[in-house]
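Everything below concerns the one structure shown next.
The values are calculated or read from the model by the stated rules, or taken from the named source; none is laboratory data. Since the structure is predicted, the reported quantities are computational estimates derived from the model, not experimental observations. Cβ: placed from backbone, ideal geometry, glycine included. Neighbour counts: every protein chain shown.
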Amino acid sequence: MKKLLAIHFLLFGAFLARSADVSIPIEKYKLKNGLRVVLSKDNAVPVVTVYMIYDVGARSEEKGRTGFAHLFEHMMFEGSANAPKGTHFATVESNGGTLNGSTHPDFTDYFEILPSNKLATALWLESDRMRSLAINEENLKNQKEAVKQERRLSFDNQPYATAIVDVWPTLMFRNWQNSHSLIGSFEDLNGASVDDVAKFFKSHYAPDNAALVIVGDIQIPDATKLIETYFGDIQPQPLPKRPDLAEPAGFAAGTQVYKDPLARVPGVIIGYPGPKRRSQDYYALHLIDAILTGGDSSRFRMNLVKGKQSVIEYEAELGWPFASAQDYRDPEPYAMFLKYNPKFTGDQIVAQVQDEIAKLQAAPLDAKDLDRVKTLVRAGVVRDLQGSLSRAQALAQYELADGNAALINTELDAAMAVTAGQIQAAAKKYLTPDKRAVLQIVPAPSPQGKPDEKKGVE
Amino acid sequence: MFLGKPSLTVGALIGLLLTAAGLAAQTVDRAKAPRTPPIPGYKLPPVSDTKLPNGLGVVLVHDGRFPLVTARLNFQAGTKFDPKDLPGLAEAVAALLTEGTKTRTARQLSEETDALGGSLAGGAGPDALTVSGSALAENLPRLLELMADVSRNATFPQDEVDLYKQNRIQNLQQERSQPSFLASQKFSEVVFGASPYAHIAPTEEAVFKLDLKVLAGFRDTWLVPNQATLILVGKLPADEELMKILVQRFGSWRQKPVPAAPKAEPPAPRRQIVLVDRPGSVQADIHVGRLAPIRTGPEYFPLMVGNTILGGGTNSRMFKNIREKEGFAYDAHSTYATKRDAAVFEAVTEVRNEVVEPALKAVLSELDQMASAPVAATELSNIKNYVAGLYLLRLETQDGVATQLNAMNTLGLPKDYLETYTTRVRSVEPDQVLTVAKKYMAPGQATIVVVGDATKIGEALKKFGDVTITKAN
């Protein structure tokens with residue numbers, strides 16, 4: 001619920017699965033109003049996930065309206081015509097389920113996981129808020145405060161968070177759509193009117209701008225009829241204009257330093273502009289990420305955490321920090337965040353990381369290493385297929401970003417086909433110091449040494 | 001219409017759905033939540049268990065949906081077995097098992113594990129030390145070989161031990177900067193007294209003292225097959241072939257008598273207020289609770305359901321009243337955590353300094369309320385649905401099933417525990433909840449631990465009784 005960003009540790013959920021020896025059944029169609037529907041039946045455990053994804057995220061926000069996508073996600077829990085405030089949570093939980101919603105750069109999602117006899121209940125709730133969300137002054141005021149409180153607790157009062165959310169995007173991107181703070185400013189939030197919110201809802205939360213994915217213990221004909229019943233007569237809207245996310249040519253490499261009074265341990269963020277989604281280089285970089293940071297035997301763990309004992313912990317991902325390889329939509333970087341032993345300097349850590357990359361650029365990967373990393377990626381994909389929610393998330397991304405949910409059954413093949421030569425070439429093409437942005441996060445003394453005093457960022 | 005039927009059986013499910021779906025969209029009554037059939041019955045895949053001649057317990061669940069296997073090797077060797085002067089020994093042993101054996105370096109272990117498409121790691125809880133592993137199904141024999149090797153032949157190499165100590169001390173400092181950690185630690189100390197359950201983390205001095213001798217000594221004493229159970233879930237070979245593999249990997253492991261496990265023996269509960277002074281804190285972490293019955297007793301299910309009514313999820317009283325209505329806190333919940341030989345119930349909230357007094361009053365009043373009036377039928381049935389539904393959700397993945405079986409083993413639960421779980425939840429009655437609430441939730445003998453700035457909240461706390469002030473160390 002109400003999380004703007006999930007910061008991922010090592011994720012390998014992007015690729016699936018003929019080589020995975022699993023075939024995920026898919027039924028796909030569109031309602032008359034344009035709502036895309038993806039159904040995947042699995043009757044093993046009587047559980048169903050209803051996953052609703054809207055094709056709008058924080059990168060669709062306009063100037064003066066930062067934080068809108070996230071504010072709106074909060075509004076979606078404030079009640080609708082037939083399910084007034086409080087009903088959504090109470091109904092799902094008292095029926096034995098869980099629910100959540102989250103805002104991302106390019107999409108916003110909502111889900112319910114319930115015992116499978118409650119499929120209709122989840123569809124009732126999701127359709128009611130798509131049809132008739134309660135947008136009024138009281139709810140808006142209330143949720144503005146909730147969002148601000150979330151910002152204070154989860155960002156302003158947490159080490160590294162401000163650097164990651166507010167500063168890092170400005171180093172990686174120059175197009176404002178990509179570089180603005182995805183959680184938004186208090187000023188813009190204060191300025192949001194009921195009218196603004198209603199307009200945003202009408203254009204972005206229409207059935208033709210969404211996909212509904214249902215995974216689990218269902219019967220296809222029954223589910224199909226229920227979906228028509230609950231969603232069939234919701235009116236479509238003209239599709240909103242997609243923002244232009246293109247970055248200007250000529251990436252500006254550089255280093256910045258951010259002083260963080262809440263951090264006790266220094267950290268450094270390193271990023272490189274990434275390739276197009278599902279391009280050859282995208283798969284190669286995904287494997288490079290696994291070589292550097294995936295599993296117990298990753299280069300970073302073996303050589304930096306253990307060997308040099310310079311790095312304490314790390315996370316990295318295509319699309320870090322707001323996206324994952326799975327929901328990566330260019331422009332995105334390949335980026336990483338490392339916390340390190342204060343005996344070292346940030347420059348030394350950057351050099352050590354670049355040295356690890358240089359090894360990949362200098363010679364093709366050893367066949368044994370390549371085989372191991374592919375096994376690791378393959379296993380991660382299969383493991384993520386188990387839960388109905390993670391399966392729904394994968395289907396939704398393939399449907400929304402690529403228009404093809406069935407990629408869930410073939411995408412792993414593309415990653416498995418990457419050669420040592422392609423890895424070497426991608427490392428040379430993308431991961432060079434002249435295409436690198438660095439943000440060093442340095443612990444700063446806090447005012448009077450008070451443990452909870454927050455820094456002066458507003 | 002089917003919708004008018006007072007109760008629907010599973011058999012009526014399809015009829016209902018077809019009927020509802022057959023209606024034109026406009027005629028659906030959107031004003032009310034749809035009528036739905038009862039929660040479907042679910043039978044777990046069969047759980048079989050056996051023992052090798054050396055006493056190693058074996059629990060198997062065949063689940064072939066995904067080409068994966070998930071394993072747990074559970075030893076009755078948790079942190080309660082830490083010697084008095086070495087808190088943190090069990091967790092150190094657990095963490096270092098995978099950092100080198102007689103025939104494999106740490107690097108080799110890591111590379112071999114990744115090459116299986118798997119994972120391998122040790123961890124220690126209060127009662128058990130568990131080696132957890134997973135792999136692509138075809139690599140099961142190699143996974144079992146690694147699990148046997150780390151459990152039997154770890155060498156605790158000097159450089160790995162040193163690195164562990166350095167990281168653990170750093171990590172401990174980080175933990176101690178968190179008020180929630182300080183609160184849990186103090187609460188545990190007060191409630192468990194001299195019992196081995198009292199410590200939840202090591203001390204720096206103890207970490208500093210770790211060496212090959214104490215690590216290997218703990219391993220040689222407690223990590224023996226007759227103290228262990230191997231749990232395997234997933235796409236497994238046929239039983240006969242699997243048993244052959246198990247005998248190959250674990251058969252030569254000699255059983256060995258173990259010393260008696262330490263007794264829990266916590267002190268009798270009594271009302272006391274302890275303030276852990278954390279100068280500069282802008283919030284206060286409040287824990288109110290006491291000893292409670294363990295999982296195997298008849299009071300477990302009523303108290304577990306009662307605890308959920310009080311402080312589990314967004315339908316709970318603490319969430320609705322202390323968070324939503326009063327706005328005292330972002331977090332207000334209760335927990336009922338059972339170890340093998342002792343359990344604790346506690347209500348927890350984190351509040352701004354200014355509202356410590358009304359917030360603590362509100363918590364005490366919720367506890368009194370639980371202990372003085374029976375819960376309403378609807379509230380009880382909603383919570384029972386919630387608990388039973390979440391149980392189902394946990395069984396979707398191999399990891400979820402293995403975690404449940406591992407907990408059963410750690411806590412010594414009966415074999416039919418999972419099978420009868422839902423029935424036992426559903427059979428809890430309001431008077432049973434009231435009875436256990438009077439005994440364990442009524443705050444008369446509850447310990448109150450608060451972490452915060454004594455100069456800001458000390459006076460407010462004194463209104464509730466004598467306050468013992470300690471330093472955050």
Original post:
What do you reckon, is A:Ser116 at the interface with chain B (Cβ under 8 Å from one of its Cβ atoms) and over 17 Å from B:Arg30 (Cα atoms)?
Top reply: yes
**OP:** Filter the range A:349-361 for residues that are out of contact with any Ser or Thr (no Cβ under 7 Å at 6 or more places or on another chain) and over 22 Å from A:Met416 (Cα atoms) and give the result.
**Re:** A:Val350, A:Ala351, A:Val353, A:Gln354, A:Asp355, A:Glu356, A:Ala358
Subject >> Members of the range A:347-372 that are assigned to a helix (DSSP H, G or I) and either not assigned by TED's automatic domain parsing to the domain that holds A:Tyr258 or not aliphatic (A, V, I, L, M) (or both) >> reply: A:Asp347, A:Gln348, A:Gln352, A:Gln354, A:Asp355, A:Glu356, A:Lys359, A:Gln361, A:Lys368, A:Asp369, A:Asp371, A:Arg372
Original post:
In this structure, does A:Trp168 turn out to be surrounded by fewer than 21 Cβ atoms within 10 Å (Cβ to Cβ), within 22 Å of the chain's Cα centre (by Cα), at pLDDT 95 or above and of a type in the set (Phe, Trp, Tyr)?
Top reply: no
Subject >> Residues (surrounded by fewer than 20 Cβ atoms within 10 Å (Cβ to Cβ) and outside any helix (DSSP H, G or I)) located in the range A:136-164 >> reply: A:Asn136, A:Asn157, A:Gln158, A:Pro159
Original post:
Mind checking which residues of the range B:236-288 are among the polar types (S, T, N, Q), in contact with a Pro (Cβ under 9 Å, 6 or more places away or on another chain) and at pLDDT 95 or above?
Top reply: B:Gln248, B:Gln255
Subject >> the range B:80-108, residues that are in a loop (DSSP other than H, G, I, E, B) and of a type in the set (Lys, Arg) >> reply: B:Lys84, B:Lys102, B:Arg104
Original post:
B:Tyr391 versus (1) modelled with pLDDT of 95 or more; (2) within 14 Å of chain A (Cβ to nearest Cβ); (3) within 22 Å of the chain's Cα centre (by Cα): which is the lone unmet condition?
Top reply: (1)
**OP:** Any chance you could count how many residues in the range A:99-135 are within 23 Å of A:Ala223 (Cβ to Cβ), among the aliphatic types (A, V, I, L, M) and in a strand (DSSP E or B)?
**Re:** 3
Original post:
Filtering the range B:326-372 down to residues that are out of contact with any Asp or Glu (no Cβ under 7 Å at 6 or more places or on another chain) and of a type in the set (Asp, Glu), which residue is surrounded by the most Cβ atoms within 10 Å (Cβ to Cβ)?
Top reply: B:Glu346
**OP:** Count, please, the residues in the range B:154-197 that happen to be at pLDDT below 95, assigned to a loop (DSSP other than H, G, I, E, B) and within 12 Å of chain A (Cβ to nearest Cβ).
**Re:** 2
Original post:
Among the residues of the range A:119-128, which ones are small (Gly, Ala, Ser) and more than 7 Å from chain B (Cβ to nearest Cβ)?
Top reply: A:Ala122, A:Ser127
Original post:
Has the range A:25-47 got any residue that is within 14 Å of chain B (Cβ to nearest Cβ) and among the basic types (Lys, Arg)?
Top reply: yes
Original post:
Given the conditions (1) within 14 Å of chain B (Cβ to nearest Cβ); (2) crowded, with 23+ Cβ neighbours inside 10 Å; (3) modelled with pLDDT under 95, which single one is not true for A:Gly67?
Top reply: (1)
Original post:
Restricting the range A:300-311 to residues that are over 15 Å from A:Val350 (Cβ atoms) and buried (at least 20 other Cβ atoms within 10 Å of the Cβ), which is nearest to the chain's Cα centre (by Cα)?
Top reply: A:Arg301
Original post:
away from chain B (no Cβ under 14 Å), farther than 27 Å from A:Val381 by Cα, in contact with a helix residue (DSSP H, G or I) (Cβ under 9 Å, 6 or more places away or on another chain) and crowded, with 20+ Cβ neighbours inside 10 Å, is that true of A:Ile349?
Top reply: yes
Original post:
Looking only at the range B:309-354, which residues are acidic (Asp, Glu), free of Cβ contacts under 8 Å to residues at least 24 places away in the same chain and farther than 26 Å from B:Ala198 by Cβ?
Top reply: B:Glu324, B:Glu354
Original post:
Hey, any hits in the range B:96-117 for a residue that's under 27 Å from B:Glu241 (Cα atoms), in contact with a strand residue (DSSP E or B) (Cβ under 8 Å, 6 or more places away or on another chain), without any contact (Cβ under 8 Å) to a residue 24 or more places away in the chain and among the polar types (S, T, N, Q)?
Top reply: no
**OP:** State whether the residues of the range B:103-121 include one that is more than 14 Å from chain A (Cβ to nearest Cβ), over 30 Å from A:Asp217 (Cα atoms), among the small types (Gly, Ala, Ser) and surrounded by fewer than 24 Cβ atoms within 10 Å (Cβ to Cβ).
**Re:** no
**OP:** Consider A:Leu395 carefully, then state whether it is out of contact with any Gly (no Cβ under 9 Å at 6 or more places or on another chain), within 14 Å of chain B (Cβ to nearest Cβ), in a helix (DSSP H, G or I) and within 21 Å of B:Pro67 (Cα to Cα).
**Re:** no
Original post:
Which of the residues spanning the range B:127-145 are crowded, with 22+ Cβ neighbours inside 10 Å, touching a helix residue (DSSP H, G or I) at 6+ places or on another chain (Cβ under 7 Å) and more than 11 Å from chain A (Cβ to nearest Cβ)?
Top reply: B:Asp127, B:Ala128, B:Leu129, B:Thr130, B:Val131, B:Gly133, B:Leu144
**OP:** Mind listing whichever residues of the range A:188-228 are farther than 18 Å from A:Pro243 by Cβ and of a type in the set (Phe, Trp, Tyr)?
**Re:** none
Original post:
What residue, among those in the range B:198-230 that are in a loop (DSSP other than H, G, I, E, B) and over 14 Å from B:Glu91 (Cβ atoms), is nearest to the chain's Cα centre (by Cα)?
Top reply: B:Ala198
Subject >> A:Gly216 vs. criteria more than 14 Å from every other protein chain (Cβ to nearest Cβ), at positive phi and of a type outside the set (Lys, Arg) >> reply: no
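Every residue, every condition in (1) buried (at least 24 other Cβ atoms within 10 Å of the Cβ); (2) touching a strand residue (DSSP E or B) at 6+ places or on another chain (Cβ under 6 Å); (3) not polar (S, T, N, Q), yes or no:
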| position | (1), (2), (3) |
| --- | --- |
| A:Ser40 | no, yes, no |
| A:Tyr51 | yes, yes, yes |
| A:Thr87 | no, no, no |
| A:Gly96 | yes, yes, yes |
| A:Ser102 | no, yes, no |
| A:Pro115 | yes, no, yes |
Original post:
What do you reckon, is B:Leu60 surrounded by 14 or more Cβ atoms within 10 Å (Cβ to Cβ) and modelled with pLDDT of 90 or more?
Top reply: yes
Original post:
Does A:Ala192 satisfy being out of contact with any Leu (no Cβ under 6 Å at 6 or more places or on another chain) and in contact (Cβ under 8 Å) with a residue 12 or more places away in the chain?
Top reply: yes
Original post:
How about the range B:231-257: which of its residues are surrounded by 15 or more Cβ atoms within 10 Å (Cβ to Cβ) and either of a type in the set (S, T, N, Q) or assigned to a strand (DSSP E or B) (or both)?
Top reply: B:Ile231, B:Leu232, B:Val233, B:Gly234, B:Gln255
